Each structure stands twice: as C-alpha cells, then as structure tokens.
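Reviewing the structure listed below.
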Amino acid sequence: MGTRIDSRSIGNTIRALRLAKNLTQEELADSLGCTTRSIRRYEKDGTTNIAVVNEFADCFGVSALDILR
C-alpha cells in the first residue's frame with residue numbers, strides 16, 4: 001500500500017523552505033505569480049496538488065519529493 005500524504009506536513013515544509021531562503025510571503029507570492037493569501041493558505045493547510053508542489057519545488061530549487069517527505 002502507498003504512503004499517505006499529509007498536506008499539513010507539506011505546508012510546514014513550504015514554510016521552512018521559504019524561511020531558509022529568507023523570503024517573505026509577499027516575495028514568494030511575487031516569484032510564483034500568486035497572492036500572499038494563497039501562500040498563507042498553502043503554509044497553513046498545505047496542498048496535495050502535485051502541480052502546485054512542483055511550482056514550489058522549482059522556486060526553491062529542490063525536488064518535489066523533498067517537499068512531499
């Protein structure tokens with residue numbers, strides 16, 4: 001059986017990666033072309049949308065698997 005994806009864990013990882021890059025939520029939103037509100041929501045609730053995970057991975061220079069772990 002497959003491993004269950006914890007969306008909140010993904011949100012925590014997104015936040016940790018953002019902070020490691022010394023980016024504000026506003027700066028991250030600008031670089032992704034989305035709203036600050038979306039970033040807050042992704043960090044709080046996470047996401048299981050692989051397209052969104054891939055966008056974050058590209059932005060942070062990591063693999064999608066790094067975000068999903």
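Quick note: the coordinates plus some simple rules give every number you see, no bench work behind them. Owing to the predicted nature of the structure, the values given are computational and were not obtained by experimental measurement. Note that we place each Cβ from the backbone using ideal geometry, even for glycine, and neighbour counts take in every protein chain shown.
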Looking at the range 1-21, which of its residues are in a loop (DSSP other than H, G, I, E, B) and without any contact (Cβ under 8 Å) to a residue 60 or more places away in the chain?
Met1, Gly2, Thr3, Arg4, Asp6, Lys21
For the range 22-61, which residues satisfy the criterion of being surrounded by 14 or more Cβ atoms within 10 Å (Cβ to Cβ) and outside any helix (DSSP H, G or I)?
Leu23, Cys34, Gly46, Thr47
Just give me the residues in the range 1-16 being under 14 Å from Lys44 (Cα atoms) and of a type outside the set (Lys, Arg), in sequence order.
Asp6, Ser7, Ser9, Ile10, Gly11, Asn12, Thr13, Ile14, Ala16
